[in-house]
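So the structure is just underneath, and the comments pick up after that.
The values are calculated or read from the model by the stated rules, or taken from the named source; none is laboratory data. Remember, predicted model here, so these are calculated numbers, not experimental data. Because the Cβ atoms are built from the backbone with ideal geometry, glycine has one as well, and the counts that use them run over all protein chains shown. Surface accessibility is based on the protein's heavy atoms, side chains included, excluding ligands, DNA and RNA. Shrake-Rupley method; radii C 1.70, N 1.55, O 1.52, S 1.80 Å.
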Amino acid sequence: MSIQTVATKAFPGQRPGTSGLRKKVSIFQQPSYLENFVQSVFDTLGDCAGKTLVLGGDGRFHNREAVQTILHMAAAHGFAKVLVGQGGILSTPAVSCVIRKHGALGGIVLSASHNPGGPDGDFGIKYNIAAGGPAPESVTEAIFHRTESIKQYRISDAPAIDIDRLGVSHIEQMEVEVIDPVADYAELMQRLFDFDAIKALFGRGFRMCFDGMHAVSGPYATTILEGMLGAPAGTVINGVPLEDFGGHHPDPNPVNAAQLIAIMAADDAPDFGAASDGDGDRNMIVGRKFDVTPSDSLAVLAANATLAPGYRAGLKGIARSMPTSRAADRVADALGIPCYEAPTGWKFFGTLLDAGKATLCGEESYGTGSDHIREKDGLWAVLFWLNLLAVSGKSVEQLVGEHWARFGRNYYSRHDYEAVETKGANELMASLRVKLTALAGQDLGHYVVDFADDFSYTDPVDGSVATQQGIRIVMTNGSRIVYRLSGTGTEGATLRVYLERYEADPAYHHLPTQQALSALILIAEQVGGITGWTGRARPTVTT
Ligand code: VG1
Ligand code: CO
């Protein structure tokens, strides 16, 4: 067995997007495609001698092959050790947790997250740094530039090793330790939340349904909810990870988690419902006949954080992605702490978390997390809610209703136009950019534009700048329309339109969301010319 140097040619388009490199499985299956990217990661890292790497994925189709390839490449680059999840499984938050706990140089996550899987679906790869979070843009850009000029990669020709049996084996000089994917993560959760109170809640007959969507969070949820917290067997549904997620789209929103929504809408619905995505970093929270928007979820967690043992000392600050509603800003104001507005993508929260400026972070796309790791964390959010429900004795609807009564309600919706023609989508954004300055001060229906711009962000910690992060039209009363192109899609372009309206008066807190936003929806169409540019009369997905 020896280390081979293999000649290769660069592939175009290996630039990581919002969260890693995502392509169709068939693209990743091309000889050398994955190898080129991994070699570029290792080249960017420099000397890996004596270091530890963490490796795992969401179990989607091609995961096992990719794990073997990366292990054999790591062995050719002098890593002392790779910690790999049993069966090649590790959720995104678990990778972050394991990197931090074991002082690894970094980790590789194999996932296309919420994108569909299977032979015709998507595959993805992401590099996380020593702090545990997604590599910042300076690193992903360096990796991308390396992919453009790559000529060879190095790999061990040792036979494939068993990744299903816990324990240590070797490839060349390198140690491979197959670890329990859940253990380190579960131990961390136990330190953050009041497990005794949650156990007592289940003991009182509290019922919950967790939809694992046949993705990676199933084993985590089963161990923690049914095993450690005593929830009855059957609390977790679709809990076995499948290579194609059972043919579904592992994206926890009311459209894709229709089974859970139906269970929670029934007259005998459980008290609490939740779902997570492909790689376990997203969460959807549902009460009995009551959906919680991710933006509201962040705000409610922030307002009640001190009820959870891990946050008893209070929050240092809150950070949200720009399109996320400003519900959290009102909580930050009340708590007298800063609220940071960063571009979309968890990688932008890393510096704030490292510097101790933010404790909780959130995105409107069903992502919530804290400084316990450096990724958003689906099951963490679910346990946080369980902790609040257990300690307060209130229902989900009560907690949210009382929150609105105190802070006002930020009506919020996202309209996605998926897989539209790239040219039209780019032209829509370009035509909006031209209009921006002229929009300020204009009357649009009952609204007056306060300002309109293309969001650009200067990181308050390291000074790095990210431009063109979404076009926002902000009204004088705080309502907003935001237009952005997705950085995770693999087909054409996906236009996201984010709509937000603030309502202080509790008499108007119970309108259907789309109705409450109807005037803004009309303005978004008129100003953006969405139908004209995309050829679509209505969004593909409304959340
Ligand atoms: C989407 C979401 C974004 C999230 C990203 C990764 O990105 O909007 O908020 O951070 O997915 O989530 P985009 O560029 O398609 O809008 V996940 O669960 O892939 O790790
Ligand atoms: Co995800």
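Brief remarks on what is shown
- Each of the peptides 338-344, 121-127, 147-153, 261-267 was scored by the mean count of other Cβ atoms within 10 Å over its residues; in descending order, highest first, they stand as 121-127, 338-344, 147-153, 261-267.
- Near A275, the amide H atoms lying under 5 Å from its own belong to D211, M284; only residues 5 or more places off or on other chains count, and H is placed 1.01 Å from N.
- Label-point separation, S138 to T5 (7 Å along Cα→Cβ), nm: 3.0
- A straight Cα-to-Cα reach below 17 Å connects K357 with the aspartates and glutamates D329, D333, E341, D371, E375, D459, D462, residues fewer than 8 places away in its own chain not being considered.
- Extension gain from A507 to S26, taking 0.36 nm per residue of separation minus the Cα-Cα distance: 167.8 nm
- Taken along the Cα-to-beta-carbon direction at a fixed 7 Å, the label points for A49 and D120 span 5.0 nm.
- Packing-based ranking, highest mean first, of 403-415, 171-183 given that Cβ atoms within 10 Å are counted: 403-415, 171-183
- Of all DSSP beta bridges in the chain, antiparallel share, percent nearest 5: 70
- Rounded to whole Hz, the Karplus (6.51, -1.76, 1.60) HN-Hα couplings of segment 144-153, x for glycine and proline: 4, 4, 5, 5, 6, 10, 5, 10, 7, 9
- Computed from the C-alpha gyration tensor, the three semi-axes of the ellipsoid equivalent to segment 3-180 are 21, 18, 17 Å, from longest to shortest.
- Taking only protein heavy atoms and a 1.4 Å probe, the accessible area of the chain is 51% carbon and sulfur.
- A cut-off of 5 Å between modelled amide H atoms, ignoring neighbours fewer than 5 places along the same chain, links M174 with no other residue.
- Remark: relative contact order (the chain) = 13 percent; criterion is Cα-Cα distance under 8 angstrom and separation of 6 or more residues.
- Neighbourhood net charge (12 Å Cβ-Cβ; Lys/Arg +1, Asp/Glu -1) for I155: -2
- Helix 518-528 and the longest principal axis of the C-alpha atoms of the chain enclose an angle of approximately 60°.
- Contour minus Cα-Cα distance for R15 and A438 (0.36 nm per residue): 148.9 nm
- Highest mean packing comes first when the peptides 93-104, 239-250, 185-196, 31-42 are listed by Cβ atoms within 10 Å, giving 93-104, 31-42, 239-250, 185-196.
- Rounded Å value of the spacing that divides the Cα centres of segment 158-208 and segment 373-435: 29
- On a per residue basis, segment 185-407 carries 31 Å² of accessible surface, using protein heavy atoms and a 1.4 Å probe.
- Against the chain, whose longest principal axis is taken from its Cα atoms, helix 378-392 shows a tilt of about 50°.
- Relative contact order of segment 185-407, defined on C-alpha pairs under 8 angstrom at six or more residues apart (%): 21
- Across segment 438-444, coupling constants 3J(HN,Hα) worked out from phi with the 6.51/-1.76/1.60 Karplus curve, θ = phi - 60°, read 5, 6, 4, x, 6, 8, 10 Hz, and Gly and Pro carry x.
- Segment 463-532: relative contact order in percent, alpha carbon pairs under 8 Å with at least 6 residues between: 21
- Shape call, the chain: gyration tensor on alpha carbons, a/c limit 1.5: oblate
- Net lengthening on full extension, Q514/A419 (0.36 nm per residue, minus Cα-Cα): 31.9 nm
- Candidate lysines - alpha carbon under 27 Å from K394, same-chain residues fewer than 8 apart omitted: K199, K289, K316, K376
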